[in-house]
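The values are calculated or read from the model by the stated rules, or taken from the named source; none is laboratory data. In this text the structure is predicted, and so the values were computed from the model without any measurement. So basically every Cβ, Gly included, is an ideal-geometry build from the backbone, and we count neighbours across all protein chains shown.
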Amino acid sequence: MAEAETTDTAETPEPAKTTKKVVKVKARTAESTASKPVTEARAADATPKKHPSIDKRAAMNDIFNQIKTVKPGQLAETVAEESEEVKDLSFLLDRTIADITPRTLVEGRVISIGDREVLVDIGFKSEGLVSREEFKESGLPKIGDKIELFLDTLEDDQGQTILSKRKADFMRVWTKIKDVYDTNTLINGTITRRIKGGMIVNVMGIDSFLPGSQLDVRPIHDFDAYIGKSYDFKIVKLNETRKNIVLSRKDLLEEKLQKQRAELLKNIEVGQILDGRVKNITDFGVFVDLGGVDGLLHITDLSWGRVNHPSEVVDMDDEITVKVIDYDEEKQRVSLGLKQLQPHPWEHVEERYPIGSTVKGKVVSITNYGIFVELEEGVEGLVHISEISWTQHIKHPSEIYTVGDLIETSVLSISPNERKISLGVKQLKPDPWSIIEDNYIVGTVHNGVVKNLTQFGAFVELEEGIEGLIHISDLSWTRKVRHPKESLKRGDEVEVRILDISLDQRKISLGLKQAEDDPWPLIEQEFAVNSSHKGKVIKLLDKGIILELEGTDVEGLIPLATFNKKDRKTILEKFELDQEVEVKVIEIDPSDKKILVSHEAAIKDKERAVIDEYLRGQKTDGNKLDIPDAVVAKIKEAAEVEVEKKKDAVAKKRAKAKAEAEADAEAAADEAADDVEESSDDDANENEQDADEK
């Protein structure tokens, strides 16, 4: 029964088919390789591996040649014979592809070059493809050349092996950069462009990032100036995953500066001359990099001359030579000087600028008391405001000069110890006041031009540089002038009389009204007391009404000082500006140039004159006299006004008497209350005495 089962199994086709398939899959090797003993092949595996260089097409043909066709009765025997051989062949086939790992560098041989791809044999079951664009035309390999490539994809969707030369180049460079980072050595790179936050540096073909703060140890004002320059850098950060590189140049410079600083501080001395570079400019001075140590060059030590800002003398990054003028070893502060390298400008200044000599200079400062003139760098003189002009009244020097003007001056005095030089401008011209009395005699009349008006008078130019003052009280004989602009304006030509000359004070007093005769003797005659005149209202004031009397420029005043405030308001309401009124002169004072007039007195005189004239023309019949209705109306009106005045006076008296009576009554009541209190106290005392007696 066992035989029967064995026979049946041998005759079944399925096992045979299965055995045939196994042989096809496992028998993959070259004929020459199969003939070698397995032990020799395994021993060869212990030796250093070489890259596979087997002709795979020939190997595949040999594998198919090894396929055998067996009958069912021969299957068991054949399988037993070939099982050991198949194992050996599988081992050798695995050896050929054991060294191929994705995303690593592999070596291959160029077997074909197409228009778009380069075909490379890397010893895998299929050839790899490289894009031709990754090769430069000048560096395109030849068929048979061995090249190193990056195995990007072992098998893509189409079963192709993808290789990359560009990534292979990157991997080689990255390996070198990683070695630099691991060994903490320096690497050279070129700054290619500027981005937000820093710069991009080309390091062996790879873009690396350099933060702006790591570019230099000093403040940077122009980052673009570094573009295109090559420097040594230190790799401070390396991201293997993202393939990012961060560089620093500042660390290298700081290490170098630390050594220089220690050496400089060890040997620095006051008076030493050093070279440095301008590192920073401030309002108060300049910081100079001496090579690891910063020194302060104060603005006062930049130049012997006047310096408004350090940028006038030096610029950023200037290479300058300075002198050490102070060193604080404890705080490690170095004070520098630039002007100390030059001789002091005040040495022998008297020889260069003798008193009385004429010198040229530049206006460098203007104050309210004068101007400062720079004669040379570090030497300045003062032109006091009083030394600018012999004749002009200058309120501020800026009326004549501006900063930067080049002017000529005369040296008046020198004080080398105080470092002061007094200069003058007016001394360059003759003094016109030395002959002023010859040209302008007191009492003479001259023509002039009004140059300026002030609250107290008017300045009149008699000739160029010679001016006199007309006081406000000397403007008019007849009018009360409150401001010169009421009578004059700038540019008016006037005739004036010389009243006084003061050579010491350099002043000339002029009179405008004195150029004419005093009109008051004639005014006294024309405007005698009780004379009547017409006038035009020109001002309405609380103290009175000012009139311009007809036919003259003489002013008259209707005084209101004798009236109370209520009456003044009522009176002022009766008048208007430019109104013509009749007045009567009630007082004239030539010394005070004052004429007092009365409108009310003029009206009464006029009414009286009308009545008198009427009476002279009336014929009397016995004791009866006809009076015109107009006159009667005015008489009645005057009488009514008089009655009202009397009523007001009586009312005021009654009110006053009533107030006095009320005050007396209140005082009497207070007195009576005091008497009652006193009597109550007396009664109480008497009762107490009676009680004691009882």
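Per-structure values
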item	result
Residue match in region 253-261 (condition: in contact with a Leu (Cβ under 8 Å, 6 or more places away or on another chain) and either outside the structural domain of GLY295 (by TED's automatic domain parsing) or within 25 Å of VAL286 (Cβ to Cβ) (or both))	no
Filter result for ILE421 (in contact with a Ser or Thr (Cβ under 9 Å, 6 or more places away or on another chain), surrounded by 12 or more Cβ atoms within 10 Å (Cβ to Cβ) and farther than 28 Å from ASP492 by Cα)	yes
Residues of region 345-397 satisfying the condition of being charged (D, E, K, R) and in contact with a Lys or Arg (Cβ under 9 Å, 6 or more places away or on another chain)	GLU374, GLU376, GLU377, GLU380, GLU387
Residue under evaluation VAL442, criteria (1) surrounded by 12 or more Cβ atoms within 10 Å (Cβ to Cβ); (2) in contact with a Phe, Trp or Tyr (Cβ under 9 Å, 6 or more places away or on another chain), criterion not met	(2)
Identity of the residue in region 315-354, more than 29 Å from ILE421 (Cβ to Cβ) and of a type in the set (S, T, N, Q), that ends up surrounded by the fewest Cβ atoms within 10 Å (Cβ to Cβ)	THR321
Those strands (runs of 3 or more DSSP E) lying entirely in region 484-593 with at least 3 residues at pLDDT below 80	none
Candidate set from region 264-286 (those that are of a type in the set (D, E, K, R), exposed (fewer than 13 other Cβ atoms within 10 Å of the Cβ) and touching a residue at least 12 places away in the same chain (Cβ under 8 Å)); member that is farthest from ILE220 (Cα to Cα)	GLU269
Among residues of region 314-342, those that are without any contact (Cβ under 8 Å) to a residue 60 or more places away in the chain, among the aliphatic types (A, V, I, L, M), in contact with a helix residue (DSSP H, G or I) (Cβ under 9 Å, 6 or more places away or on another chain) and under 16 Å from ILE281 (Cα atoms), counted	2
Candidate set: region 241-256, residues that are basic (Lys, Arg) and surrounded by 17 or more Cβ atoms within 10 Å (Cβ to Cβ); chosen: the one nearest to GLY292 (Cα to Cα)	LYS250
Among the candidates SER410, SER398, SER415, residue that is among the hydroxyl-bearing types (Ser, Thr, Tyr), farther than 17 Å from LYS507 by Cβ, surrounded by 17 or more Cβ atoms within 10 Å (Cβ to Cβ) and not assigned by TED's automatic domain parsing to the domain that holds LEU510	SER410
Residue within region 209-221 that is assigned to a strand (DSSP E or B), more than 51 Å from the chain's Cα centre (by Cα) and surrounded by 14 or more Cβ atoms within 10 Å (Cβ to Cβ) present	no
Meets criteria (in contact (Cβ under 8 Å) with a residue 24 or more places away in the chain, within 30 Å of ASN188 (Cβ to Cβ), part of a strand (DSSP E or B) and among the basic types (Lys, Arg)) for ARG261	no
Residue check, VAL201 at pLDDT below 80, closer than 30 Å to GLY292 by Cα and of a type in the set (Val, Ile, Thr)	no
Unmet requirement for ARG242, which otherwise passes all of (1) closer than 30 Å to VAL201 by Cα; (2) modelled with pLDDT of 90 or more	(2)
Enumerated strands (runs of 3 or more DSSP E) restricted to region 149-204, each holding at least 1 residues that are in contact with a Gly (Cβ under 7 Å, 6 or more places away or on another chain) and without any contact (Cβ under 8 Å) to a residue 24 or more places away in the chain	198-203
Only listed residue being in contact with a helix residue (DSSP H, G or I) (Cβ under 6 Å, 6 or more places away or on another chain) and within 24 Å of LYS279 (Cα to Cα), chosen from GLY228, GLY198, GLY212	GLY198
Region 296-342, residues that are among the hydroxyl-bearing types (Ser, Thr, Tyr) and more than 14 Å from ASP275 (Cβ to Cβ)	THR300, SER303, SER311, TYR327, SER335
Unique match (being closer than 28 Å to GLU495 by Cα and either under 60 Å from the mean Cα position of the chain (by Cα) or not small (Gly, Ala, Ser) (or both)) among ASP567, ASP589	ASP589
Boolean, THR190 is surrounded by fewer than 17 Cβ atoms within 10 Å (Cβ to Cβ), in contact with a strand residue (DSSP E or B) (Cβ under 7 Å, 6 or more places away or on another chain) and farther than 30 Å from VAL118 by Cβ	yes
So ASN280, is it over 21 Å from VAL313 (Cβ atoms) and out of contact with any Asp or Glu (no Cβ under 7 Å at 6 or more places or on another chain)	no
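A quick yes/no check of all residues on (1) modelled with pLDDT of 85 or more; (2) aliphatic (A, V, I, L, M):
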position: ILE273; (1), (2): yes, yes
position: ARG277; (1), (2): yes, no
position: ILE281; (1), (2): yes, yes
position: VAL286; (1), (2): yes, yes
position: GLY292; (1), (2): no, no
position: GLY295; (1), (2): yes, no
position: ILE299; (1), (2): yes, yes
position: VAL314; (1), (2): yes, yes
position: ILE320; (1), (2): yes, yes
